[in-house]
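Below you'll find the structure, written out as structure tokens, and then a few comments.
The values are calculated or read from the model by the stated rules, or taken from the named source; none is laboratory data. As the structure is a computational prediction, the values presented were derived from the model and not from experiment. FYI the Cβ positions are ideal-geometry reconstructions off the backbone, even for glycines, and counts take in every protein chain you see. With ligands, DNA and RNA removed, areas are computed over all heavy atoms of the protein, side chains included. Shrake-Rupley method; radii C 1.70, N 1.55, O 1.52, S 1.80 Å.
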Amino acid sequence: MCWSCNPYCGGCKPPKPRPVRCPFCNVFNFPDRTSCVRCAHTLPPVPRPSPVICLYIGESCANPCQRHKKPPAEGEDPYCLWHTPLDSGRQESEG
């Protein structure tokens, strides 16, 4: 059980993309940027997580959290607020 939420953990919801380091000036940039805020060089692409079959809800998920590894407990509703369908390609922005 978590005491406080770490947005990069990925335990109860998909992890947020980590900041991207510019290979030229070593400045960290938000992952949605395509060029460095300091030197304007093109940033490397942000790696996307591999899609998986979520055992919790029984569907494919493009941005999985750690709940995908086991089915829901008996009597538990298999609903995931953070489910990202493969065709949407979107990232959840809430952390």
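What the table below lists for this structure:
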| read-out | value |
| --- | --- |
| Nonlocal amide H pairs with Arg21, under 5 Å, H built at 1.01 Å | Asn29 |
| Taking the range 6-95 and dividing mean pair separation by its residue count, relative contact order in percent (alpha carbons under 8 Å, at least six apart) | 24 |
| Cα→Cβ-extended label distance, 7 Å offset, between Arg18 and Ile53, nm | 3.0 |
| The range 46-63 - phi-based ³J(HN,Hα) in whole Hz, Karplus 6.51/-1.76/1.60, Gly and Pro as x | 7, x, 9, x, 6, x, 9, 8, 7, 6, 5, 10, x, 9, 6, 9, 7, 9 |
| Amide H partners (placed H, <5 Å) of Leu43, local residues excluded | Ser35, Cys36 |
| Tyr8, Tyr79, reordered so the largest accessible area comes first (probe 1.4 Å) | Tyr79, Tyr8 |
